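Student: My questions will all concern the structure given below.
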Amino acid sequence: MNFTSIKEIDSLQKWVKQAIKIKQNPLKNKKLGKNKTLVMLFFNSSLRTRLSTQKAAINLGMNVMVMNFGSEGWTLEFEDGTIMDQGASEHIKEAAEVVSQYADIIAIRAFAGLVDKEIDNAETVMSGFLKYATVPILNMESATGHPLQSLADAITMEEHKTKHRPKVVLSWAPHPRALPQAVPNSFVEMMQLQTEMDFVITHPEGYELNPEITKDSKIEYDQDKAFENADYIYAKNWSNYKEYGKITNSDPNWTITADKMKGTNNAKFMHCLPVRRNVIVTDEVIDSENSIVIQQANNRTYSAQLVLQKILKKLE
Ligand SMILES: CCC[C@H](NC(C)=O)C(=O)O
Ligand SMILES: NC(=O)OP(=O)(O)O
């Protein structure tokens, strides 16, 4: 059993309930991971994912090894049949098979390059490990998805639900750097599994996410209109998908402000973090009692622990 996409969740409501149960007694399955090793490979930076996934593994009694593959590992070749007389020192085939000798589960973070849409959509790094590793693979944010984050988001919204059928808004906001579409992609996929929530995506025209992911999810180009009666505002920047990897809009009018939040139904503010204060969201909003970004980050441990527990049970 791998966990690389929200689409691998058979029942989101069941998984959310299971995660909340784990949260109530996180050390209950401390023996499950005894003498099992999680190897975590980071091709990109992390705070929450690295610490929460390690914490989750420790709660299950696992050994953990972490490697900043991007700065400490060999440059990898991902094409089969290549004459490796250029920059790459090692083929993904050996790297994945070798890491599999040391690990019972391999967790990988490898962001989108945001240069070539086809390469990113092909999930080159994740696919390479899925092809050649001989142990389960866990996605800690790949080129097109961040399922551990979106599962934590679902747990958090469930915990803070105050009404039947809350309205959830995914709102684009400006950012000085070009960011991947992975987080919004998985959030959209998770919302499409929600049976008792209304969902709206709001962003500037031209910032549509991959239509193969958004499918028939509602898109509202007027942010204020989208915010009307909202119960959750999930803010996130992403770079342009159509003009792949480009920043074509930096409009500060999309920054989440207290005035915009006034148009909601006293909505909770959510963001996966790290966040650019006073660019994505003003200090006033993220420091308000309606901000649940820290609760979201805390739930990353239980999102990861549920997934690791499911994988470990399959290994028994
Ligand atoms: C969890 C978010 C990771 C990354 N954020 C940055 C700042 O690179 C992103 O937007 O995908
Ligand atoms: N939200 C999240 O995945 O944070 P990190 O990038 O710090 O792991």
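Student: Provide the gained length on full extension for the span Asn63 to Arg165, in nm with one decimal, where the gain is 0.36 nm per separating residue minus the Cα-Cα distance.
Tutor: Extending this stretch completely gives an extra 32.6 nm.
Student: For the Cα atoms of the chain, what angle does the longest principal axis make with the long axis of helix 293-315, in degrees from 0 to 90, nearest 10?
Tutor: 40 degrees
Student: Whenever you get a sec, compute what percent of the accessible area on the chain sits on carbon and sulfur atoms (1.4 Å probe).
Tutor: On the chain, the fraction of accessible area on carbon and sulfur atoms equals 48 percent.
Student: Follow-up. Which distance in nm do the two modelled labels at Tyr221 and Ser250 give, with both placed 7 Å along the Cα-to-Cβ direction?
Tutor: 2.3 nm
Student: What do you get for GluC sites (Glu not before Pro) in the stretch 72-172 restricted to DSSP loop and a cutoff of at most 15 other Cβ within 10 Å of the site's Cβ?
Tutor: Glu79
Student: Could you give the length gained on full extension between Arg276 and Ile83, defined as 0.36 nm per residue of separation minus the Cα-Cα distance, in nm?
Tutor: Stretched out fully, the Arg276 to Ile83 stretch lengthens by 65.2 nm.
Student: Let me ask something additional. Taking R0 as 30 Å, what's the FRET efficiency between Thr257 and Ser127 from their Cβ-Cβ distance, rounded to 0.05?
Tutor: That gives a FRET efficiency of 0.15.
Student: Could you check the spin-label model distance between Asp116 and Glu97? Points 7 Å from the Cα along Cα→Cβ, value in nm.
Tutor: 2.5 nm
Student: Name the shape class, rounded, prolate or oblate, that the alpha-carbon gyration tensor gives for the chain, where a ≥ b ≥ c are the square roots of its eigenvalues, rounded holds for a/c under 1.5, and otherwise prolate holds if a/b is larger than b/c and oblate otherwise.
Tutor: The shape class here is oblate.
Student: For Leu138, enumerate residues with amide H under 5 Å from its amide H, sequence gap 5+ or separate chain, H modeled in the peptide plane.
Tutor: Correct list: Phe3, Ile106, Ala107, Ile108.
Student: I would also like to ask the following. Heads up, I need the accessible area for Ile22: 1.4 angstrom probe, whole protein in place, Å², nearest 10.
Tutor: Counting only protein heavy atoms, Ile22 exposes about 20 Å² to solvent.
Student: Grab the Cα-Cα distance for Lys30 and Thr195, subtract it from 0.36 nm times how many residues apart they are, and report the gain in nm with one decimal.
Tutor: Here the answer is 56.1 nm.
Student: Using the Cα centre as the reference, give the magnitude of the dipole from point charges on the C-beta atoms of the chain (Lys, Arg: +1; Asp, Glu: -1; all else neutral), rounded to the nearest 20 debye.
Tutor: Using only the charged Cβ atoms, the result is roughly 1640 debye.
Student: Between 0 and 90 degrees, rounded to the nearest ten: what's the tilt of helix 48-59 against the longest Cα principal axis of the chain?
Tutor: 60 degrees
Student: Got the relative contact order for the stretch 206-316 handy, in percent, Cα pairs under 8 Å and 6 or more residues apart?
Tutor: 25 percent
Student: Just want the answer: with Cβ charges of +1 for Lys and Arg and -1 for Asp and Glu, which residue in Gln24, Thr134, Asn185 is farthest toward the dipole's positive end in the chain?
Tutor: Gln24
Student: In terms of solvent-accessible area of protein heavy atoms at a 1.4 angstrom probe, what is the ranking of Asp80, Asp85, highest value first?
Tutor: Asp85, Asp80
Student: Okay, next question. Accessible area per residue for the chain in Å², computed with a 1.4 Å probe and the full protein assembly in place, what is it?
Tutor: Result: 45 Å² per residue.
Student: Kindly provide the GluC sites (Glu not before Pro) of the stretch 194-282 that DSSP labels as loop, not H, G, I, E or B, and whose Cβ sees at most 16 other Cβ atoms within 10 Å.
Tutor: Glu196, Glu205, Glu208, Glu220, Glu228, Glu243
Student: Normalised by the number of residues in the chain, what is the relative contact order in percent for Cα pairs under 8 Å and 6+ residues apart?
Tutor: In percent, rounded to a whole number, it is 20.
Student: Counting each DSSP H run of 4 or more residues in the chain as -39500 (n - 2.57), what helix-only mean residue ellipticity at 222 nm follows after dividing by all residues, to the nearest 500 deg cm²/dmol?
Tutor: -10500 deg cm²/dmol
Student: Mind pulling the angle between the C-alpha long axis of helix 92-102 and the longest principal axis of the chain? Nearest 10 degrees, somewhere in 0 to 90.
Tutor: Its long axis makes an angle of about 80 degrees.
Student: Can I ask one more? Would you mind finding the longest exposed-site-free stretch of the chain, with exposed trypsin sites (Lys or Arg not before Pro) meaning DSSP loop and at most 16 other Cβ atoms within 10 Å?
Tutor: Longest site-free region, per DSSP loop and neighbour criteria: 35-160.
The values are calculated or read from the model by the stated rules, or taken from the named source; none is laboratory data. Every value quoted in this text rests on a predicted model; they were computed, and no experiment measured them. Cβ sites come from the backbone with ideal geometry, for glycine too, and all protein chains shown count toward neighbours. Accessible surface areas use protein heavy atoms only, side chains included; no ligands, DNA or RNA. Shrake-Rupley method; radii C 1.70, N 1.55, O 1.52, S 1.80 Å.
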